[in-house]
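Asks: Quick one: structure below, then a few questions.
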Amino acid sequence: MLASALNKISHGLTFGNAMNKLRLKIEKDQKVESAYFQRTMPKKGLKERIQAGDNIIVAEGYIFEFERRGYLRAGCFVPEVVLEHPEQVKAVHEEYVHAGSDVVLAFTYYGHREKLKLIGREADLKSLNIKALRLAKEVADRTNTLLAGNICNSTIYKRDCPDAIEKTRAIFKEQIEWAIAEGVDYIVAESFSEYGEAALALECIKEYGKVPAVVTMIAHAEDKTVDGLMFGEAMNKLYAAGADIVGLNCGRGPTTMLSLIGEIRKTYKGPMAAIPVPYRTTPDEPTFLSIINPETGKDAFPEDLTAFHCSRTQIRKFAEEAKELGVQYVGLCCGNASHFMRIVAEVYGRTPPASKYSPDMSQHFIWGDKNFDSYLMDYRNTLAPK
Ligand SMILES: [Zn+2]
C-alpha cells in the first residue's frame with residue numbers, strides 16, 4: 001500500500017494528495033475489518049453460544065509471548081508488561097483478534113498477590129489488574145468480542161492446609177471482584193494441577209463473580225490430576241458444580257492432550273475446552289516440562305522450547321481432530337502465536353481478517369504453480385535439489 005502510494009508520487013501526485021489517498025485507503029481497510037466483526041460476531045454471551053452449539057476460539061499464551069519479546073522475565077513469569085508497556089499488551093490483544101480469537105482474555109495470569117510479592121511489587125497488585133482489564137475491554141468493545149477475566153493456579157495452594165486454602169481463596173476473591181467491576185463477560189480459571197484448587201476457583205467465581213466460568217486444568221505426565229482423580233471424573237464434578245465449560249489447558253502439546261481428551265470424552269459429555277501448548281510432546285515426553293533438549297541433555301523448558309515448536313501442519317491437524325472430538329472451546333496456550341491462531345480459526349470455519357494474508361504459494365516466483373521455462377526449472381533445482 002505504501003509502495004503503491006509512493007509510486008503515485010513519482011507519477012505526478014503531490015505529496016499531500018498521495019498522503020490523503022493513503023489515509024482514505026487505511027480508513028477503508030479499518031471499515032472492512034470492523035464490518036467483519038459486526039457481521040460475523042454478533043455479541044452473544046458465552047452461555048448462549050454454548051447452548052447454540054457455537055464454537056469459541058480463544059488465544060492464550062501471553063506470558064510466553066511477552067517473555068519472547070523481552071517484556072517480562074522467565075522464571076517468575078509476572079505480567080509486569082501490563083504496567084510498563086501497556087501499548088504492547090493492547091497490540092497483542094488486537095493481533096490475536098485479527099487472527100481469529102473470539103475472546104480478549106485480560107492479561108492477569110500470574111498477576112496475583114503471591115506472584116507480585118515474589119518480585120517485590122505487591123503494591124502494584126490492584127493497578128496491574130485494573131489496567132489489564134481495561135486494556136482488554138478496550139479491544140473487546142471495539143471488536144465486539146467477548147471479554148474474559150482470568151484467575152489461575154495460586155502457586156501456594158496445599159490440600160488439607162486450611163491456611164493455604166484461605167490464602168488461595170483471598171487471591172481468587174480479589175481478582176474476581178476487580179474483573180466483575182470492570183465488566184467481564186465471564187471468567188477463565190486455569191492451569192490447575194489439583195482438582196481441589198480448580199473446584200475452589202469455581203466456587204469463588206460462583207460466590208464473588210456470578211458470571212459464567214470456564215475451568216481448565218493441566219494434565220502432567222499421568223492421565224490423572226495431582227490429587228488423584230481421573231480427568232473424566234474431575235471434569236464431571238466441575239461441570240456438575242456449575243462450570244459452563246471445562247477442559248485442559250497448558251502442559252501438554254496437541255497430540256498428548258488430544259489423546260487424553262479422547263479418554264475424557266468417554267465419561268464427560270458436556271462442553272469441552274482444549275488449549276494445548278504448541279510444542280512437540282510425545283508419549284515419552286508428554287508435557288513441555290518433560291521435553292529434554294538432546295543437544296544439552298537438559299530440560300528444554302523454558303529457554304530451548306522454541307526448538308520444539310509445532311509446525312503449522314501439526315496445528316492444523318490438532319484443530320481438525322479437536323473439532324472432530326467436539327471440542328467447543330479451542331485455543332493455544334504458552335508458545336502461541338498469531339499464525340497458529342489463524343489456522344485454528346480457519347479449521348473451525350472462520351475467515352478472520354488475517355486470512356487475507358494466509359499463505360498462497362501459487363504466487364511464488366519459484367515454488368508457485370505455473371509453467372516453468374527451463375531457466376527457472378534449473379534455478380529451482382539449484383535451490384532445492386530433488
Ligand atoms: Zn500455558
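Since every read-out is calculated from the coordinates, none of them should be taken as a lab result. Just so we're clear, the structure is a prediction, and the values are computed from it rather than from any experiment. Please note: Cβ atoms are built from the backbone with ideal geometry, for glycine as well, and neighbour counts cover all protein chains shown.
Asks: Considering the options Thr267, Cys250, Ile205, tell which one lies farthest towards the positive end of the dipole of region 150-294, charges being +1 on Lys and Arg and -1 on Asp and Glu at the Cβ, about the Cα centre.
Replies: Thr267
Asks: Also: Over the chain, with a Gaussian network built from C-alpha contacts below 10 Å, which listed residue (Ala179, Ala221, Ala241) shows the highest mean-square fluctuation?
Replies: Ala241
Asks: Another question, if that's okay. Of Trp367, Trp178, how do they rank once you tally other Cβ atoms within 10 Å and put the fewest first?
Replies: Details: Trp367 12, Trp178 21.
With the sparsest Cβ surroundings first, the list reads Trp367, Trp178.
Asks: How would you rank Tyr96, Tyr279, Tyr71, going from fewest to most other Cβ atoms within 10 Å of each one's own Cβ?
Replies: Numbers: Tyr96 31, Tyr279 25, Tyr71 17.
Final ranking by Cβ density, sparse to dense: Tyr71, Tyr279, Tyr96.
Asks: In terms of the ratio Rg/(2.2 N^0.38 Å) built on C-alpha atoms, what value belongs to the chain? Spell out each step's value before the answer.
Replies: Values: Rg = 22.7 Å, N = 386, 2.2 N^0.38 = 21.2 Å.
Computed over Cα atoms of the chain, the ratio equals 1.07.
Asks: Using only the Cα atoms of region 44-162, build the gyration tensor, take square roots of its eigenvalues as a ≥ b ≥ c, and label the shape rounded, prolate or oblate: rounded if a/c is under 1.5, else prolate if a/b is larger than b/c, else oblate.
Replies: Values: a/c = 2.06, a/b = 1.36, b/c = 1.51.
In terms of gyration-tensor shape, oblate.
Asks: Quick one: order Asp223, Asp373 by neighbouring beta-carbon count within 10 Å, fewest to most. Working shown, then result.
Replies: Numbers: Asp223 15, Asp373 9.
Sorted ascending by nearby Cβ count, the order is Asp373, Asp223.
Asks: Then there is this: Using Cα pairs closer than 8 Å and at least 6 residues apart in sequence, work out the relative contact order for the chain, in percent. Working shown, then result.
Replies: Working: 665 pairs, mean separation 59.7, N = 386.
Relative contact order for the chain comes out at 15 percent.
Asks: Could you give the size of the charge dipole of region 340-386 about its Cα centre, using +1 on the Cβ of each K and R and -1 on the Cβ of each D and E, expressed in debye and rounded to the nearest 20? Before the final figure, lay out each step's value.
Replies: Numbers: 6 positive and 5 negative charges, 40 e Å.
Charge dipole of region 340-386: 200 debye, to the nearest 20.
Asks: Using a/c under 1.5 as the rounded threshold, could you call region 277-386 rounded, prolate or oblate? The axes a ≥ b ≥ c are square roots of the C-alpha gyration tensor eigenvalues, and prolate needs a/b larger than b/c, oblate otherwise. Let's see the in-between values first.
Replies: Values: a/c = 2.78, a/b = 1.37, b/c = 2.03.
Taking the square roots of the gyration eigenvalues as a ≥ b ≥ c, region 277-386 is oblate.
Asks: So, one more: Within region 189-331, how many Lys pairs that are eight or more residues apart, or on different chains, come under 27 Å at the alpha-carbon?
Replies: 18
Asks: Just to confirm a number: summing +1 for Lys and Arg and -1 for Asp and Glu over residues other than Cys204 whose beta-carbon lies under 13 angstrom from that of Cys204, what do you get? Intermediate values should be presented prior to the final figure.
Replies: On the way: positive: Lys167, Arg169, Lys173, Lys206, Lys210; negative: Glu166, Glu174, Glu177, Glu197, Glu203, Glu207.
Taking every other residue near Cys204 into account, the sum is -1.
Asks: Could you list the trypsin sites (Lys or Arg not before Pro) in region 191-253 that lie in coil according to DSSP, counting only those with at most 14 other Cβ atoms within 10 Å of their Cβ? Walk me through the numbers before you get to the answer.
Replies: On the way: sites: Lys206, Lys210, Lys224, Lys237, Arg252; in loops: Lys210.
Hits after loop and neighbour filter: Lys210.
Asks: Can I ask one more? Within 15 Å, Cβ to Cβ, of Asp299, how many net charges do the neighbouring residues add up to if Lys/Arg are +1 and Asp/Glu are -1? List each step's numbers first, then the result.
Replies: Numbers: positive: Arg280, Lys298; negative: Asp284, Glu285, Glu295, Glu303, Asp304.
Spelling it out: positives minus negatives among the neighbours equals -3.
Asks: In debye, nearest 20: dipole of the chain around its Cα centre with unit charges on the Cβ of K, R (+) and D, E (-)? Could the numbers behind the result be given before it?
Replies: Details: 49 positive and 51 negative charges, 252 e Å.
Dipole size: approximately 1220 debye.
Asks: Output ³J(HN,Hα) for region 184-189: one whole-Hz value per residue in order, computed from phi by the Karplus curve 6.51 cos²θ - 1.76 cosθ + 1.60 with θ = phi - 60°, and x for Gly and Pro.
Replies: Taking θ as phi minus 60°, the curve returns 5, 7, 6, 10, 9, 10 Hz for region 184-189.
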